[in-house]
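Remarks on the structure that follows.
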Amino acid sequence: MKLTIAVVSCMLVGLVSCQQFQPTTPIPIVRYENDGVNFDGSYKWAYETGNGIQAQESGYVQPAQNPNESTLNVEGGYSYTAPDGTPISVKYVAGPQGFVPVGDHLPTPPPVPIAIAKLLQFLATQPSTPEPAYNKIK
């Protein structure tokens, strides 16, 4: 009996969700560029849609002495209009330093209080203290 109720409930939920589906008008792609991946590992792509979404990215491999240590450096950005009408634009770089986005809408940390900044400067001038050896077998 419980199984029957569960199956009927799932069927009703599926039926209701199917009735709420409304097909949308496809959004055209008005610009599309794709160059790469090239033999040297570099690439570049960009696109723009009919509703104002734009994105672009380019990257290249920075070789190293050891091929296993080569790094991929990337820069790009994207922009769109938020549902509330706010224009959103993000530019970013990524590489050995990680992913670094920049945008007016992104939160930023508060400024470091002066007392903390002075303490950090003082600590930077002090010699480091070696960690004690725990559980060292002699």
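The values are calculated or read from the model by the stated rules, or taken from the named source; none is laboratory data. These figures come from a predicted structure and were not determined experimentally. FYI the Cβ positions are ideal-geometry reconstructions off the backbone, even for glycines, and counts take in every protein chain you see. Each accessible area value is taken on the protein alone, full model and side chains, heavy atoms only, with ligands, DNA and RNA left out. Shrake-Rupley method; radii C 1.70, N 1.55, O 1.52, S 1.80 Å.
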Carbon plus sulfur fraction of accessible area for segment 17-128, probe 1.4 Å, in percent: 60 percent
Cβ-defined net charge surrounding Tyr92, 13 Å radius [Lys, Arg +1; Asp, Glu -1]: -1
Heavy atoms of Tyr78 accessible to a 1.4 Å probe, total area in Å² rounded to 10: 90 Å²
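Provide the per residue accessible area, probe 1.4 Å, for segment 88-138, rounded to a whole number of square angstrom. Present the calculation step by step, with values, prior to reporting the outcome.
Details: 4810 Å² over 51 residues.
Per-residue value: 94 Å².
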